[in-house]
Amino acid sequence: MKRKPLILITNDDGIDSPGLKASAEALAPIADLIIAAPKVQQTGMGRAFLQGKNVGEITKKNLKINNQEMKAYAVNGSPAQSVAHAVLELTEQKPDYCVSGINYGENLGLSYTCSGTIGAAFEADSLGIKTLTFSKAFPFAKQKSNNYSNLNWEAEKYQTRNIVSEIIDKGFPENVSIFNINFPGKISRSTELRITKQAYMNYGEYIKPEARNLNDSYTLKWKLNPKIETAAEDTDIYAVHFDKVISITPINSRMSVELNDYYI
């Protein structure tokens, strides 16, 4: 009998995120799981590695997945560190795949470089593990919250299981190491899946702060980038924001560009 693949489940919203639990519940019937995620909210950390006191501490937790207790690990560190510790210390078998998410907040356009969800995927890719990231459209103002909204994840779980099952069956295409998957705010079991390109623009833009004392702490705020109106129809932004379909964007960690006949 063919063995089930081993899938590492992680995220950047933290070990207590309902989106993480939704991923585990979706994939438990088709794979063996190891769950390792940041101890606390780590949205926007990219592939950062934290330093300082207590970083690297790992706490065992029990999560109720499909009405059964499942062991999980809360890593005091970033999403990338959660992946690294999971692979190096928490399993003797290298995971076949990594699934990062389901994230509170879409990861569209150029946001992939700062996303902790995708930062975890980059770390997994560096360790030779193919990754699928799952994100759900969610208001900017709530994306870094520890007060997780009570959402119904049934459609997302259905789509997650089907997409991952298809990848397990067919494998990753050549030169693709990450699938960046984004759900619009509302989906069903019949919502269209669309292969897209990454839009070369920011999905959100910073709001200029009002005059303030620069010695005081301040968190920059975001709003929807009005330039997305010009997004091409084959991009991730257009698919999720305008057509309300599920975007599947194949990417990899190679950011270099080959130059021919160019001299400095």
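The strands (runs of 3 or more DSSP E) located wholly in the range 149-264 that include 3 or more residues which are aliphatic (A, V, I, L, M), surrounded by 11 or more Cβ atoms within 10 Å (Cβ to Cβ) and under 19 Å from the mean Cα position of the chain (by Cα) occupy 246-251.
Just one of the numbered conditions (1) over 30 Å from Pro226 (Cα atoms); (2) touching a strand residue (DSSP E or B) at 6+ places or on another chain (Cβ under 7 Å) is not true of Gln68: (2).
Residues in the range 1-49 that are farther than 17 Å from Phe122 by Cα and at pLDDT below 90: Met1, Lys2, Arg3, Val40, Gln41. Residues in the range 207-219 include at least one that is modelled with pLDDT under 95 and touching a Pro at 6+ places or on another chain (Cβ under 8 Å). Within the range 32-62, the residues that satisfy the criterion of being crowded, with 19+ Cβ neighbours inside 10 Å and in a strand (DSSP E or B) are Leu33, Ile34, Ile35, Ala36, Ala37, Pro38. Close contacts from the range 105-122, counting a first residue that is more than 15 Å from Thr196 (Cβ to Cβ) and a second that is modelled with pLDDT under 90 and polar (S, T, N, Q), with Cβ to Cβ under 6 Å and a gap of 6+ residues or different chains, come to Gly105/Gln143; Gly116/Gln42; Gly116/Thr43; Phe122/Ser253. For the range 80-93, check the following and say yes or no: at least one residue is among the charged types (D, E, K, R), farther than 22 Å from Val176 by Cα and surrounded by fewer than 16 Cβ atoms within 10 Å (Cβ to Cβ). Yes, the conditions are met somewhere in the range 80-93. Do the conditions hold for Ala137, that is, is it touching a residue at least 24 places away in the same chain (Cβ under 8 Å) and either more than 23 Å from Ser82 (Cα to Cα) or surrounded by 19 or more Cβ atoms within 10 Å (Cβ to Cβ) (or both)? Yes; evaluated as a whole, the condition is true for this residue. Does Thr117 satisfy being among the hydroxyl-bearing types (Ser, Thr, Tyr) and touching a Cys at 6+ places or on another chain (Cβ under 9 Å)? It is false that Thr117 is among the hydroxyl-bearing types (Ser, Thr, Tyr) and touching a Cys at 6+ places or on another chain (Cβ under 9 Å). For Ser100, the test of being among the polar types (S, T, N, Q), part of a helix (DSSP H, G or I) and either surrounded by 15 or more Cβ atoms within 10 Å (Cβ to Cβ) or within 17 Å of the chain's Cα centre (by Cα) (or both) is failed.
Scoring Ser111 on the criteria (1) over 19 Å from Ala84 (Cα atoms); (2) of a type in the set (Ser, Thr, Tyr); (3) outside any helix (DSSP H, G or I) leaves a single failure, condition (3).
The values are calculated or read from the model by the stated rules, or taken from the named source; none is laboratory data. What you see is a predicted model; the values in this text were computed from it and never measured. Cβ: placed from backbone, ideal geometry, glycine included. Neighbour counts: every protein chain shown.
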